[in-house]
Amino acid sequence: MTTDTDPPAAPAADPGTGVLRPPVAGAIGVLAVAVALGVGDLVAAFAAAPSSPFLAVGNQFIRLTPEALKEFATSTFGVHDKQVLLAGMAVVITAVAVLAGLLSRRTPVPGLTLVVVLGLVGATCAAAAPTFTVGYLVAPAVALVAGAATFAVLHRLARRAERPDPDRRLTDPSAGRRRLLLGLGVALAGAGITGFLGRRFAAAADVAASRADAALPPPTGPPVVPPPAADFAASGTPTWLTPNDQFYRIDTALQVPQVSTADFTLRIHGLVQRELTLNYDQLRGRGLVEAPITMCCVSNDVGGNLISNSVFLGVPLRTLLAEAGVRPGATQIASTSVDGFTTGTPVAACTDGRNAMLALGMNGQPLPVEHGFPVRMVVPGLYGYVSGCKWITDIELTTFEAFQPYWEQRGWAAMGPIKTQSRIDVPQSQAAVTAGRVTVAGTAWAQHRGVARVEVRADAGPWQTAELAADASIDTWRMWRTVLQLAPGDHTLQVRATDATGATQPEALTSTIPDGATGWHTVVVTAF
Ligand SMILES: Nc1nc2c(c(=O)[nH]1)N[C@H]1C(S)=C(S)[C@@H](COP(=O)(O)O)O[C@H]1N2
Ligand SMILES: [Mo]
């Protein structure tokens, strides 16, 4: 029960006067400006990336900054100088927004005026961009309208809540307050969602443009010419080269990291004589080699398809390591991607003469964004989890004792040489085939050793040696095919490969963890 002596339920300053309480007034200013910036970012992502009002102000600031201050910023904050600038801008803009709100406790006019002034500053900066076209005014204009409208609506809701309409007061005294809360919540969500989407679309558009611009010079060595008859695609094997859009993809990235060539930097440090920091042009200028490499995931089950083959174009790792001067004792190369994923690769595998590289190109194109654009590591003969760092930004020479990369921390082996494997691609398991002569074809791999022999058998009968497609490289998969005589009924087909060292893959099926599955791929078919 309420009596006259109870304290008021919600202590509000200036009750019933229609004057906004300072926290509410300040929040309205901040939310209106936040909505304007979010909407500006989102519209700019589609209209013209440099026209995002927030970024336009930042860019204009950089253009107007005297050289001395720029140098001070770079030497003090290093590569974070831009983040520091943007954070500083955010603080200043928030302060102006709070002020706009606080000046508008009675009437919205002062706040609205400040919001409009901020919008005009954004538009002016966008207009000052060296690449300006009229399209650059769209985002600031839409942002200005969105911010002003948000301010006006929230202000009105707040005034109603502070001085509820007498009729409503009789029915529900808290309705005005609830509407205000709802309005503030919607504005907050709107600012957050538009800002988030704006950043994402803008980054993706920037990187797509950067990839389209990334001209790769031809290899300094001989280009890879795929040998004729490198596959039996007509019999149902994969093509020897995997088209980029069909290359298997494995990574921990919820969002594909967006790195433009301009943003790319690679630091090579740790147990080296000379630390190196390279940008994209410097890396590209080191001389590129081309090599066909079949990549494979350690999670590939027997018979699985987490394996693909591509011609990679990149800078040999041994060139870069020689330049940095690997110090004695370094055994592991720890690589880090921009999203924090890490791999650990034996130094020996990158200096023993194989085509270990920092790849910039794949099948004659800049790397696709999902496969690590602008730069990734590729090492023939090793599973991707220990060698294939995508979106790479850091290489540290270290030891196996001193550093455990991402998957090793989760129970996978430190060393990941690819195991010899073979797969039956046709006929598929459970397939119905015509009794008589049945073509069986598939794929085998033993990267960096080479496939010497593939054998196939039906119903645990004698092994029959299959025909092998052209031997393109010990680092790539090898297609095979043969013909089996099958009587009507069910048949169990099996395949096994022998690598060039003479080792035949073991029969026992083992799980993929900790260092890759073993076992003969087996399919059951019915002949009619
Ligand atoms: N940045 C990053 N690089 C990564 C991974 C990852 O999760 N993040 N996964 C690795 C694994 S497990 C494999 S098998 C290969 C796969 O490369 P792909 O997607 O280009 O086929 O990338 C490796 N590089
Ligand atoms: Mo993997």
Problem - In sequence order, calculated HN-Hα J values of the range 188-204 (Karplus, 6.51, -1.76, 1.60; Hz; x Gly/Pro) - result: 4, 4, x, 5, x, 5, 5, x, 4, 5, x, 4, 5, 5, 5, 5, 5
Fill in the blank from the handout: For the range 22-203, Rg(Cα) over 2.2 N^0.38 Å is 1.15
Exercise for the section: Work out the length of the dipole vector of the chain about its Cα centre, built from +1 on the beta-carbon of each Lys and Arg and -1 on the beta-carbon of each Asp and Glu, and round it to the nearest 20 debye. Expected result: 1220 debye
Exercise for the section: Take the eigenvalues of the Cα gyration tensor for the range 233-410, scale each by 5, and report the square roots as semi-axes in whole Å, largest first. Expected result: 25, 18, 16
Problem - Whole-Å semi-axes of the ellipsoid equivalent to the range 49-149 (Cα gyration tensor, √5λ, descending) - result: 27, 19, 9
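Where does the range 112-270 land on Rg/Rh, using Cα atoms and the Kirkwood Rh? Please report the intermediate quantities before stating the final value.
Working: Rg = 27.5 Å, Rh = 22.3 Å.
Rg divided by Rh gives 1.23.
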Problem - Simple Cβ-charge dipole of the range 233-410, Lys/Arg +1 and Asp/Glu -1, about Cα centre, in debye nearest 20 - result: 280 debye
Exercise for the section: Ratio to report: Rg/Rh of the range 421-527, with Cα atoms as the point set and Rh obtained by the Kirkwood method; give two decimals. Expected result: 0.98
Handout entry: Average accessible area per residue (Å²) across the chain - probe 1.4 Å, nucleic acids and ligands excluded
Key = 46 Å²
Exercise for the section: Per DSSP H run of at least 4 residues, take -39500 (n - 2.57); add these up for the chain, divide by its residues and hand me the 222 nm value, nearest 500 deg cm²/dmol. Expected result: -11000 deg cm²/dmol
Exercise for the section: Quick one: which residues, 5 or more positions from Gln464 or on another chain, have an amide H under 5 Å from its amide H? H modelled 1.01 Å from N in the peptide plane, none for Pro or chain starts. Expected result: Val456, Arg457
Handout entry: Share of carbon and sulfur in the accessible heavy-atom surface of the range 421-527 [1.4 Å probe, %]
Key = 50 percent
Practice task
Just tell me which lysines come within less than 29 Å, Cα to Cα, of Lys82; anything on the same chain fewer than 8 places away is out.
Solution key: Lys70, Lys390
Problem - P(r), alpha carbons of the range 483-528 - 10 Å bins starting at zero, rounded % - result: 22, 38, 27, 12, 0
Problem - Under 5 Å, built H, 5+ apart or other chain: amide partners of Gln332 - result: Val347, Thr398, Thr399, Phe400
Practice task
For the range 192-285, evaluate the Debye formula with one uniform point scatterer on each Cα (no solvent term) and list log10 I(q)/I(0) at q = 0.15, 0.23 Å⁻¹, rounded to two decimals.
Solution key: -0.99, -1.22
Problem - With 5 Å bins from 0: P(r) over the range 356-446, alpha-carbon pairs, percent - result: 3, 11, 14, 16, 14, 13, 10, 7, 6, 4, 2, 1
Fill in the blank from the handout: Ordering Glu370, Glu290 by the accessible surface of their heavy atoms, 1.4 Å probe, largest first, yields Glu370, Glu290
Problem - log10 of Debye I(q)/I(0), alpha-carbon scatterers only, for the range 238-291 at 0.14 Å⁻¹ - result: -0.69
Completion exercise
Between the residues Ser429, Ala56, Thr242, the Cα farthest towards the positive end of the dipole of the chain, that dipole coming from +1 and -1 charges on the beta-carbon of Lys, Arg, Asp and Glu, is from Ala56
Practice task
Output ³J(HN,Hα) for the range 249-254: one whole-Hz value per residue in order, computed from phi by the Karplus curve 6.51 cos²θ - 1.76 cosθ + 1.60 with θ = phi - 60°, and x for Gly and Pro.
Solution key: 10, 9, 6, 8, 7, 5
Fill in the blank from the handout: Descending accessible area (1.4 Å probe), largest on the left, turns Asp425, Asp231 into Asp231, Asp425
Problem - Note, ³J(HN,Hα) from phi for the range 416-421, Karplus 6.51, -1.76, 1.60, rounded to Hz, x at Gly and Pro - result: x, x, 6, 7, 5, 9
Fill in the blank from the handout: Listed by chain and number, the residues whose amide H is under 5 Å from that of Val433, excluding neighbours fewer than 5 places away on the same chain and using placed H, are Thr526, Ala527, Phe528
Fill in the blank from the handout: Cα-based Debye curve of the chain sampled at q = 0.06, 0.12 Å⁻¹ gives log₁₀ I(q)/I(0) of -0.47, -1.06
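The values are calculated or read from the model by the stated rules, or taken from the named source; none is laboratory data. In this text, all values refer to a predicted model and were calculated from it rather than measured experimentally. Positions of Cβ are generated from backbone atoms using ideal geometry, with glycine treated the same way; all protein chains shown enter the neighbour counts. All accessible areas refer to the heavy atoms of the entire protein, side chains included, with ligands and DNA or RNA removed. Shrake-Rupley method; radii C 1.70, N 1.55, O 1.52, S 1.80 Å.
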